[in-house]
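Peer 1: One structure coming up, written as structure tokens, with questions to follow.
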Amino acid sequence: MPGQEDGSSRLSQCNCVALFGAALGLLSLGLPWLSIRSSRLAAGEPVWLVSAIGPLVAGIFLIVWLLALRAGFDTNRERSAATLGAAGALLAPATLIAAGIGSKHLLEAAEPFARSSLSAGVWIGLIASYVLIHTAARSLEGRPALRQTVIWFPVLAIAIAGLSGLYSNTSLAQEFAGNEGRFIQELSRHISLSLGSVAIGTCIAVPLGTAAARSKRAERPIFVIASTIETIPSLALFGFMIAPLSALSYAYPALREIGIRGVGTAPALIALVLYSLLPIVHNTYVGLKEVSPAAMDAGRGMGMSRPQLARRVEFPLAAPLIAEGVRTASVQSVGGTTVAALIGAGGLGHFIFQGLGQAAPDLILMGALPVIALALVVDIVMRWAIARLSPKGLRAEAVT
Amino acid sequence: MRTRKAFIAVSMLITLSLLLGCAGAGGKEPIVVGSKIDTEGALLAQTILLLLDDAGIPVEDRSHFGPTDIVRKALLSGEIDLYPEYTGSGAYFFEGTDPGIWKDADAAYAEVARLDLETNNIVWLQPAPANNTWAIAVTSTLADAEGLETLDDLAAYLNAGGEFKIACSEEFVTSPPALPTFQDAYGFELTDDQLLVLAGGNTAQTEQAAAQGTDGVNAAMAYGTDGSLSALNLVVLTDPRGAQPVYEPAPIVRSEVFEAYPEMADILAPAFESMDLVTLQTLNAKIAFEGQDARDVALEYLTQQGFL
């Protein structure tokens, strides 16, 4: 049965991820693109791409997504990747720009306080474009220039379109315009709370992890405590801090002077530090345990003392894993800081809870989207730093 | 070399973020103004900030600080110096007081101002004559069809077997001053089928549910000064029997801060006196419904009225 064999091999050669992305993209064209509401709080009426921006542009979208689908079947790997990358890199900004221009047209014909929110079609379209870019970038390792273009063109195009005000008629942009000053303040609060807590957490967790690795007696209590903290819901942990800290600050007014009070930054910072402990303690422990005895023997053979061994053999070898723990803790902390807005510590959760209170979905998004972006940026920067921090001999293994 | 560069970059990032966090401490002591995490809290906080700033008093904006318990704790612990609170909340802060007192605007203000100064060293300034109390709002369709204006009308309609379903929060159903008080005062009883309890429900959500008729809902738990009521075509039923405590918003301030700037009483009073129920509803609507910035709304109002 030669025909069947041929078919199965062709199927195995096609890019399943790309096919998924292209199918998702085609699906997005069938979903509502925008949702027009007579006011900020009213219910939305769905608007499809064709009626938002006209059949011509909608047709172009359809053709590009179909081209991406065809490229998914292309057996020439490089040609396929180039087409997919170009399609994704163009579709991502085009999706947002179409939503922005569509909103402008719709609002011109609507009531004065009408709002136009991005709907499922836009979000699915963006995810689908990201899938195409992602799979293309993986296949383009051999063409660095093209690869960088495919990755950075959409980012730049989306940013430039944003700065030139193309999205200014979407409800999300209007929420942002209404809160711009506050946004910068809460963003910097969010960053300093989440990363500051991890910095303090690292200073506590690395010695704890070292103690756990060195002493059997310390190991159990340290892990029991760190894991138990991790199971407490964040709002509850924030709540637990309030009573003892208030009592402390009343007993010692000096503490209040330096900003340690029952509500606000202090309880949030302490709770976030506690949360950051487990991943770092755990990775420090594993990192030190996994240092090969041969490396230690070699060090001893060179006449190193115990502190020298720790400084020049153990910790450098464990560093990538410890840093990996810091990365996990940081990403987790960026998310956890959101809840801090409920105890007066501010942060991007401010907009999320305000939006929930007013039942204004776009205000919620204005808080939630930057949290996601921040987590991604922290993740990428830390991965890059970890790759650079690893001892040269370990680099190949470190990135797993 | 690259290792060290990356290390330096990361540690600089961390140091910078720590510094950002500590910035703001030290320097001249401004009045820290907080507020609850709702629309009216933001509006009143911005009003206070603009007026104080205009009078040359240094201020710091910590509005939208948190829910009532948190803002209150922040004031008591000195994390914030001033925030707008409601007179009727005195019934909640000071247990064991006569419940009748809180239903009279002037008596409630006098009582809470006295108790808070004696026990917590907190000064209550001039309140706004607007009652932001718990209320029941119905769709204007229902109100017009059945001629509902007061809670008495509602009780008659309900007892005659009229169709009714209200969106509300758990607290509204269980908290003694809310629904139970309405039921006792006006003589009606809602069955479980007539309640749509929204988890963590606030009035923005309940009002939206009523306006959209979600799940057959035609009424909503509301607060008297909610801005979205008229825009969503909802009508608040009046409370002729005075079943509810009066909730008038007033700036409250720690007495040591008040003594440092006693002129703030005269700076804030005229603006608060001018904010009646309709004014607050209108201003709240500009924030919640039109999506304007609370500061812009406050600035526009204060400028128009000649307070700035």
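Values quoted throughout were computed directly from the atomic coordinates according to the rules given, and no laboratory measurement underlies them. These numbers were taken from a predicted model, which means no experiment stands behind them. For neighbour counting, all protein chains shown are included, and Cβ atoms are generated from backbone atoms with ideal geometry for every residue, glycine included.
Peer 1: Out of the DSSP beta bridges found with both residues in segment B:134-236, what percent are antiparallel (nearest 5)?
Peer 2: Counting only bridges with both partners in segment B:134-236, antiparallel ones make up about 55 percent.
Peer 1: With each pseudo-label sitting 7 Å past Cα toward Cβ, what's the A:Cys14-A:Ile60 distance in nm, one decimal?
Peer 2: 2.8
Peer 1: Here is a follow-up. Using Cβ contacts closer than 10 Å as the measure, can you line up A:Tyr285, A:Tyr252, B:Tyr261 from fewest to most?
Peer 2: Listing A:Tyr285, A:Tyr252, B:Tyr261 from fewest to most nearby Cβ atoms yields A:Tyr252, B:Tyr261, A:Tyr285.
Peer 1: Which percent, nearest 5, of DSSP beta bridges in the protein assembly as shown are antiparallel?
Peer 2: Of the beta bridges lying entirely in the protein assembly as shown, close to 65 percent run antiparallel.
Peer 1: Right, here's the next one. With springs only between Cα atoms under 10 Å apart, run a GNM on chain A and tell me which of A:Ala68, A:Ala387, A:Ala329 wobbles the most.
Peer 2: Maximum fluctuation in the GNM of chain A, among the listed residues, is at A:Ala387.
Peer 1: Using the alpha-carbon atoms, what tilt in degrees (0 to 90, nearest 10) does helix B:264-274 show relative to the longest principal axis of chain B?
Peer 2: The angle comes out near 30 degrees.
Peer 1: Scan chain A and note any complete DSSP helix (H) whose C-alpha atoms cover at least 15 Å along its axis and whose Kyte-Doolittle average is 0.5 or more.
Peer 2: Counting only whole DSSP H runs, the qualifying helices are A:16-29, A:55-73, A:77-108, A:120-139, A:144-163, A:180-214, A:234-251, A:265-289, A:315-336, A:361-389.
Peer 1: Which ordering of A:Glu186, A:Glu175 is given by a fewest-first count of other beta-carbon atoms within 10 Å?
Peer 2: With the fewest neighbours first, A:Glu186, A:Glu175 line up as A:Glu186, A:Glu175.
Peer 1: Pairs of Cα atoms under 8 Å, at least six residues apart: use those to get the relative contact order of chain B, whole percent.
Peer 2: 26
Peer 1: Right, something else. What distance in nm separates the two pseudo spin-label positions at A:Ala43 and B:Ala269, each 7 Å out from Cα along the beta-carbon direction?
Peer 2: 5.0
Peer 1: Rounding to the nearest 10 and keeping the result within 0 to 90°, find how far the Cα-based axis of helix B:277-288 lies from the longest principal axis of chain B.
Peer 2: Around 60 degrees separate the two axes.
Peer 1: Percent antiparallel among DSSP beta bridges with both residues in chain B, to the nearest 5?
Peer 2: Percentage antiparallel, nearest 5: 55.
Peer 1: Helix B:39-54 versus the longest principal axis of chain B: what angle, 0 to 90°, nearest 10, using Cα atoms?
Peer 2: Between the helix axis and the principal axis of chain B, the angle is about 40 degrees.
Peer 1: A further question follows. Once you've got the Cα coordinates, tell me which of A:Lys104/B:Lys286; B:Lys36/B:Lys286; A:Lys104/B:Lys36 are over 27 Å apart.
Peer 2: Check vs 27 Å cut-off fails for A:Lys104/B:Lys36.
Peer 1: Quick check: from the Cα gyration tensor, does the protein assembly as shown come out rounded (a/c under 1.5), prolate or oblate?
Peer 2: oblate
Peer 1: Then there's this: So what's Rg/Rh here for segment A:215-360, counting alpha carbon atoms and using the Kirkwood radius for Rh?
Peer 2: That ratio is 1.13, to two decimals.
Peer 1: Hey, what number do you get for chain B at 222 nm if only DSSP H runs of n ≥ 4 count, each worth -39500 (n - 2.57), divided across all residues, to the nearest 500?
Peer 2: Dividing the helical sum by the residues of chain B leaves -14500 deg cm²/dmol.
Peer 1: Got a sec? How would B:Glu189, A:Glu78 order by Cβ neighbour count within 10 Å, fewest to most?
Peer 2: Arranged by neighbour count, lowest to highest, B:Glu189, A:Glu78 become B:Glu189, A:Glu78.
Peer 1: When we measure straight from the Cα of A:Lys289, which aspartates and glutamates land under 16 angstrom away, once same-chain ones fewer than 8 places off are left out?
Peer 2: Once the sequence-local aspartates and glutamates are set aside, what remains near A:Lys289 is A:Glu219, A:Asp297, A:Glu314, A:Glu324.
Peer 1: Using a/c under 1.5 as the rounded threshold, could you call segment A:197-241 rounded, prolate or oblate? The axes a ≥ b ≥ c are square roots of the C-alpha gyration tensor eigenvalues, and prolate needs a/b larger than b/c, oblate otherwise.
Peer 2: Oblate, since a/c reaches 1.5 and b/c is not below a/b.
Peer 1: Applying 1/(1 + (r/R0)^6) with R0 = 30 Å to the Cβ-Cβ distance of B:Asp69 and A:Ile127, what FRET efficiency is obtained, to the nearest 0.05?
Peer 2: That gives a FRET efficiency of 0.15.
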